Protein chains: 2
Amino acid sequence: MPTIKDVARIAGVTPTTVSRVINNRGYLSQNTKQKVYQAMDQLNYSPNAIARSLFSKKSGILGIILPDLRHPFFAELAGYIEFYANQSNYKLLICNSNHNATKEKQFVDLLKSNQIDGLVMASHTLDVDEFARLEYPIVTFDRIIDQFPYVCSDNHQGGVLAAEKLISLGCKKVGHICGNLQLDLLSNQRSWSFIKTMKEHGIEPIIIQTGNDVFDYSHYEELITPLFRDHPDVNGIFTTSDILAAYVSRVCNNLGIHIPKDLKLIGYDDVPLSTWMIPQLSTIRQPMREMAERIVQLLTNVQTRQHYNANIFDVEFIKRATS
Amino acid sequence: MPTIKDVARIAGVTPTTVSRVINNRGYLSQNTKQKVYQAMDQLNYSPNAIARSLFSKKSGILGIILPDLRHPFFAELAGYIEFYANQSNYKLLICNSNHNATKEKQFVDLLKSNQIDGLVMASHTLDVDEFARLEYPIVTFDRIIDQFPYVCSDNHQGGVLAAEKLISLGCKKVGHICGNLQLDLLSNQRSWSFIKTMKEHGIEPIIIQTGNDVFDYSHYEELITPLFRDHPDVNGIFTTSDILAAYVSRVCNNLGIHIPKDLKLIGYDDVPLSTWMIPQLSTIRQPMREMAERIVQLLTNVQTRQHYNANIFDVEFIKRATS
C-alpha cells in the first residue's frame, strides 16, 4: 500500500506538504496541489478518515447548516448525511439556522478552529464574503459559492419535466408556486425552466412566490387561495416543494376543486409526505440518499473533492394520484 | 454576585469539590452533593454555561440519540432542542440510531471522554447497563433509566383523553393502533390508559401493534387494512402517533370509509403533518417546545437537574376535522 512518503517523493514535495494538501490547511499554490493530486492518482493513494487522523488533528465531526430541521426535505437530507457520515466514522453537528446569520457564522468559526472537519452549507443567509478564500472542506447545497464544490438536483431538468407532464395532460391554464425568485439559488432554476418550457408551448403561467420566508407555512393558505379566486379556470399547478403542494391540495379541498379531475398537481422533492397525502402526490424526485452520500464523500475524501466540482443529480417524475 | 468560593465556604467543602458537583465529575457522596446544592440554593448561585466553561473543560456540545430524524416527531423535537441549546451557547450533535446499539454506545463514549457535555436519550436500543451509575448529565425521553431525570408527555392523560373523546362521540366499536406494547417505554402508557378507560365503559378495543420497528412505515398499510375487513363496524380509532393516523386515513380512503362520518380518528403528537392531512387530524398535542426547553435546562443547569427528576408535561386535545 503506498504511503504518504511515496506520494511526496513522486510529487517532489515534503510529506508535510502532502499532509497539508490532503487536509486543506495553510496556503498552497494550485501548482503544488496539482502535483500532489497527480501523485496520489498515480499511486492510487486514498487517505481515509482514520488514516488522516493519524497525522492530523481531527475532530471527527462534520457540520451542516440548514434552514429548518422541521422542514421534511431537510430532515430527510440531514438524516441521510448522518447515515453516510457515520459510515466514514464522522458525527454530524446540526445548525438549524432559521436565517440567523450570526448563528451560521459561529459554525464557520468552528471550521476555522478545527472543531469540525467539514461543513455543508444548505442555508443561504450568510454573505458570500464569509466563505470566499476559505481553505477548508466546504460543500454548498443548491447554491454556488466561489470555488467550493456544490451539490444539487438537476433543477433545470425538473422544471422541464413538470412542464411537459402538465402539457401532456392537457393543462391550458397553469399556475406555479415557488419561493423567492430574486434569491441566487440553484433551486430557482426549477421555476425558470418550468416557465420557459410553458412559454414555448404558448402558455403564460401564473406565478405565486412565497416571499423571503419560504419556511413559514402559516401564510401559505391565504397566499394560494386567491389564485383560484382570480383564475377559476386554472387546471394545472407545479410547486417547487411537496409541502407547497400539500397546501394547494388543502385549498382545493376547501374550495371543492377535485384533484386530479379538475386540477393536475405536481410537487418537487418526493419526501414521505407525498405518500401521506390524499390523493397521493405526483412529484419530481430528488435522489436524496445519493446526494447525501456524495456530500459526505466531498467532505471526507480529498480526491472526490478535487474531481467533482459540480455535482448535479438526475431527477425523476414519480406518477401518483394527482396527475 | 456570589462566587464558587462562597458556595464552598457555606457548604464546608473546597471550591474544587463544588466544581465537581456542578460538573458531575468523579465520585461524590450524596451527602456532599446535598450540602453543595443547599449552599447554592441559599446563595442563589446559578452557574451558567459560560461561567462553567471558565473552570472546566467543556466542549459546548450536547448530543441526542434518537430513533430516526426522518420521523416528523423527532425532527420537531431535535429542531426545538437545537434552538434552546443554541440559546445556552451549546451546539447539537445528532445520532440517528436506527436501533443500532453500537452507534448509540459510541455516543455514550463521547460523553465519557468529555467530547460532549450532556446527552439526550430518545432512543431505547441500548441496554440499561450501559448507563447505570454514569455520573454524567443524561436526560431520557419517554423512558426511565435509574437515577436520570426523564421527560415525557403525560401519556396516561393522553390515553384517557382520547378514550373519553371517542366515547363522547358515540363510538361503540373501537380500534387502537400502537407500537410494541412489550417494550418498557413510557409512551406505551398511552395505550394502557386508553384500553383501561374503554373497558371501564364496557368497550373492548381491537389492538394492532406495529411490532418492533415502529419507524418502518412500509408495512403500515397492510397492517391496518385487515382491521376494517375483520371489523367493518369499527367507528372510532386512536393511534399513538400522527403518522399512524395518516395511514389509517389513507386506508379508509382506499376502502371508501368516510372520515369523520363513518369513522372518528384521533392521533397523538400534533406534528405539522396533522394539519397537512385531508381531513385535518384531531390529535393529542405533546408540548414539544416546552419539553425541549426543559431537556436543555436539565442538561445545562445542575439545579434544574437536582430539582426535577420526573418531567411530565400536560397534553391537550386538539379538535380538527377527523372527530
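Throughout, read-outs are computed from the coordinates displayed, never taken from laboratory work. For clarity, every value in this text was computed on a predicted model and none was experimentally measured. Note that each Cβ is placed from the backbone with ideal geometry, even for glycine, and that neighbours are counted across all protein chains shown.
Please order B:HIS219, A:HIS176, A:HIS71 by the number of other Cβ within 10 Å, starting at the fewest. Write out the running numbers ahead of the final one.
Details: B:HIS219 12, A:HIS176 25, A:HIS71 22.
Listing B:HIS219, A:HIS176, A:HIS71 from fewest to most nearby Cβ atoms yields B:HIS219, A:HIS71, A:HIS176.
Starting from the Cα of A:GLN280, step 7 Å toward the Cβ, then list every residue of segment A:295-323 with an amide N under 17 Å from that point.
A:316-323
If you take each beta carbon of peptide A:75-86 and count the beta carbons of other chains within 10 angstrom, what is the mean?
Values: counts 10, 3, 2, 6, 9, 3, 3, 7, 4, 0, 2, 7.
Counting other chains' Cβ atoms within 10 Å and averaging over A:75-86 gives 5.
For B:ASN100, place a label point 7 Å from Cα along the Cα-to-Cβ direction in every copy; what are the distances to the other copies, in nm, shortest first?
2.9
Can you tell me the FRET efficiency between B:LYS261 and B:ASP146 if r is taken as the Cβ-Cβ distance and R0 is 56 Å, rounded to the nearest 0.05? Show your work: numbers first, answer last.
Values: r = 49 Å, r/R0 = 0.88.
It comes out at approximately 0.70.
Nearest to the axis that maps chain B onto chain A: list the chain B residue whose Cβ wins, with the distance in whole angstrom.
With distances in whole Å, chain B gives B:ALA75, 2.
When a footprinting reagent is the concern and you count Cβ atoms within 10 Å, what order do A:THR283, B:THR14, B:THR275 take, fewest first? Walk me through the numbers before you get to the answer.
Working: A:THR283 32, B:THR14 12, B:THR275 18.
Least to most surrounded, the residues fall as B:THR14, B:THR275, A:THR283.
Over the Cα atoms of segment A:155-287, what is the Rg over Rh ratio if Rh follows Kirkwood? Don't skip to the end; give the middle numbers.
On the way: Rg = 13.3 Å, Rh = 14.5 Å.
Reported Rg/Rh (Cα atoms, Kirkwood Rh): 0.92.
Fewest Cβ neighbours within 10 Å first, please rank B:LEU185, A:LEU92, B:LEU134 accordingly. Please report the intermediate quantities before stating the final value.
On the way: B:LEU185 20, A:LEU92 25, B:LEU134 17.
Taking fewest neighbouring Cβ atoms as first place, the list is B:LEU134, B:LEU185, A:LEU92.
Using DSSP, restrict attention to beta bridges with both residues in chain A and report what percent are antiparallel, rounded to the nearest 5. Kindly include the intermediate steps, with their values, before the conclusion.
Values: 3 of 37 bridges.
Taking every DSSP beta bridge with both residues in chain A, the antiparallel ones total about 10 percent.
What is the Rg over Rh value, at two decimals, for chain B, using alpha-carbon atoms and the Kirkwood definition of Rh?
Working: Rg = 22.4 Å, Rh = 21.2 Å.
In chain B, Rg relative to Rh is 1.06.
Kindly rank A:200-210, A:239-249 from highest to lowest mean number of other beta carbons found within 10 Å of each residue.
For the peptides A:200-210, A:239-249, the packing ranking is A:239-249, A:200-210.
For the residue pair A:ASP109 and A:ASN31, what label-to-label distance in nm results when each label sits 7 Å from Cα along the Cα-to-beta-carbon direction?
3.8
For segment B:4-45, what is the charge dipole size about the Cα centre, in debye to the nearest 20, if Lys and Arg each add +1 at the Cβ and Asp and Glu each add -1 at the Cβ? Please list the in-between numbers first.
Values: 6 positive and 2 negative charges, 29 e Å.
Dipole about the Cα centre, nearest 20: 140 debye.
Residue-wise, which Karplus ³J(HN,Hα) couplings in Hz belong to segment B:67-77, taking 6.51 cos²θ - 1.76 cosθ + 1.60, θ = phi - 60°, and x for glycine or proline?
x, 6, 5, 7, 7, x, 5, 6, 5, 4, 4
Select from segment A:256-320 those trypsin sites (Lys or Arg not before Pro) which occupy a DSSP coil region and have at most 16 other Cβ atoms within 10 Å, ordered by residue number. Could you put the intermediate results ahead of the total?
Working: sites: A:LYS261, A:LYS264, A:ARG285, A:ARG289, A:ARG294, A:ARG305, A:LYS319, A:ARG320; in loops: A:LYS261, A:LYS319, A:ARG320.
Answer in residue order: A:LYS261, A:LYS319.
Under a plain spin-label model, where a point goes 7 Å from the Cα along Cα-to-Cβ, how far apart in nm are B:LEU181 and B:SER88?
Result for the modelled spin labels: 3.7 nm.
Of the options A:PHE238, A:VAL21, A:ILE257, report the single residue whose Cα projects farthest towards the positive end of the charge dipole of chain A (beta-carbon charges: Lys, Arg +1; Asp, Glu -1).
Going by the charge dipole, the pick is A:VAL21.
So for segment A:168-314, averaging the separation of alpha carbon pairs under 8 Å that are six or more residues apart and normalising by length, what relative contact order in percent results? All intermediate terms of the calculation are to be shown ahead of the outcome.
Values: 184 pairs, mean separation 30.1, N = 147.
Answer for segment A:168-314 is 20 percent.
Show the residues, 5+ positions off or on another chain, whose built amide H is closer than 5 Å to the amide H of B:ASP270.
Result for B:ASP270 returns B:ASP242, B:ILE284, B:GLN286.
A:PRO260 label points, 7 Å along Cα→Cβ, one per copy: pairwise distances from this copy to the rest in nm, shortest first?
Spacings between copies for this position, smallest first, are 3.2 nm.
³J(HN,Hα) across segment B:120-125 via Karplus (A = 6.51, B = -1.76, C = 1.60, θ = phi - 60°), whole Hz, x for Gly/Pro?
Computed from phi, the couplings for segment B:120-125 are 9, 9, 10, 10, 9, 7 Hz.
Taking chain A as the reference, fit the longest principal axis to its C-alpha atoms, fit the long axis of helix A:155-168 to the helix C-alpha atoms, and give the angle between the two in degrees, 0 to 90, nearest 10.
Relative to chain A, helix A:155-168 is tipped by roughly 20 degrees.
Restricting the count to DSSP beta bridges whose residues both fall in the protein assembly as shown, what percent are antiparallel, rounded to a multiple of 5? Could the numbers behind the result be given before it?
Working: 9 of 77 bridges.
Antiparallel bridges make up about 10 percent of those DSSP assigns within the protein assembly as shown.
Report, for A:LEU183, each distance to the same residue's label point in the other copies, shortest first and in nm; define the point 7 Å along Cα→Cβ.
For A:LEU183, the other copies' label points sit at 3.5 nm, shortest first.
Determine, from the Cβ-Cβ distance of B:ARG9 and A:ALA101 and an R0 of 51 Å, the FRET efficiency 1/(1 + (r/R0)^6), rounded to the nearest 0.05. Spell out each step's value before the answer.
Details: r = 45 Å, r/R0 = 0.88.
For R0 = 51 Å, the calculated efficiency reads 0.70.
Place a +1 charge on the Cβ of each Lys and Arg in chain A and a -1 charge on the Cβ of each Asp and Glu, then give the dipole magnitude about the Cα centre in debye, rounded to the nearest 20. Could you put the intermediate results ahead of the total?
Working: 32 positive and 33 negative charges, 196 e Å.
Approximately 940 debye in magnitude.
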